Amino acid sequence: MLLLSACGTGPADVGEGLYPVAAYSGTEDFVWCVPYAREISGVRIRGDADTWWDQAAGRYRRGNRPAPYSVLALKPDSRLTDGHVGVVTGIVGPREIRVSHANWGWDRRTRGRVYTHMPAIDVSPGNDWSQIRFRHPAVGGYGRVYPALGFIYPDDESTHHIRVADAMPPPSPSPSPSPSPSPSPTASAQAPDAAATAMRHLF
């Protein structure tokens with residue numbers, strides 16, 4: 001098992017179940033999860049990743065179903081002490097999504113990087129996305145289970161402009177667990193504009 005360190009129009013498909021991912025505007029050599037998630041999602045929350053869920057209360061809608069460009073907030077635990085945030089950029093099935101996020105790694109080669117459309121699956125007993133596993137491209141298989149708080153949905157009213165990232169091809173199909181019945185996500189969001197400045201290191 002790997003020990004990870006965290007950290008104008010409606011969305012158009014760029015592959016089966018995938019959505020465009022804006023090219024990150026930051027220039028830092030080491031990209032942290034918080035500034036990347038804020039820019040890509042349009043959810044304008046600042047502060048450590050483990051504070052996003054509570055900060056979103058009363059400002060953004062929250063829930064336990066993925067929706068395009070919603071922010072997935074992972075719960076802090078003994079291995080992920082400061083939590084982690086990523087952005088839903090694909091919905092493949094009732095228990096499989098794609099997450100674009102930064103700094104999901106365990107060494108100098110894998111940390112501080114942006115990962116686009118990383119496969120993630122729901123392994124919770126109740127199919128409520130409270131337990132998630134990710135498939136890291138450097139490993140090829142799904143890693144350990146991480147607890148999640150849920151999804152923070154961006155405002156629909158924001159004016160967005162897509163600058164599609166050109167570096168990452170759509171991922172190859174991946175195995176997923178047997179789906180449990182669940183409602184299709186109904187929340188919609190739009191592709192975000194760029195944030196002005198990347199934030200400080202939050203992990």
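Bear in mind these aren't lab numbers, they're just calculated from the coordinates by the rules spelled out. Please read these numbers as outputs of a predicted model, since none were measured by experiment. Note: ideal-geometry Cβ built from the backbone for every residue, glycine included; neighbour counts use all protein chains shown.
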Running Debye on the range 29-94 with equal point scatterers at the Cα sites and no solvent, what base-10 log of I(q)/I(0) appears at q = 0.12, 0.17, 0.26, 0.29 Å⁻¹? -0.30, -0.60, -1.25, -1.41
Gain on full stretching of the segment that runs from D77 to F30 - 0.36 nm per residue minus C-alpha separation: 14.6 nm
Sorted by packing (mean other beta-carbon atoms within 10 Å per residue), highest first, where do 117-124, 85-92, 131-138 land? 85-92, 117-124, 131-138
Taking only the C-alpha atoms, wrap a convex hull around the range 90-131 and report its volume per residue in Å³ as a whole number. 68
Global form of the range 6-150, assessed from the alpha-carbon gyration tensor, a/c cut-off 1.5: rounded
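Sorted by average packing, counted as other Cβ atoms within 10 angstrom per residue and highest first, what order do 51-57, 139-145 take?
Details: 51-57: 17.3, 139-145: 13.3.
The packing order, highest mean first, is 51-57, 139-145.
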Give, as a single signed number, the net charge of other residues whose beta carbon lies under 13 Å from the beta carbon of P76, with Lys and Arg counted +1 and Asp and Glu -1. -3
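Quick one: net charge of A120's neighbours, Cβ under 11 Å, K/R +1, D/E -1?
Values: positive: R95, R98, R133, R135; negative: E96, D122.
In short, +2.
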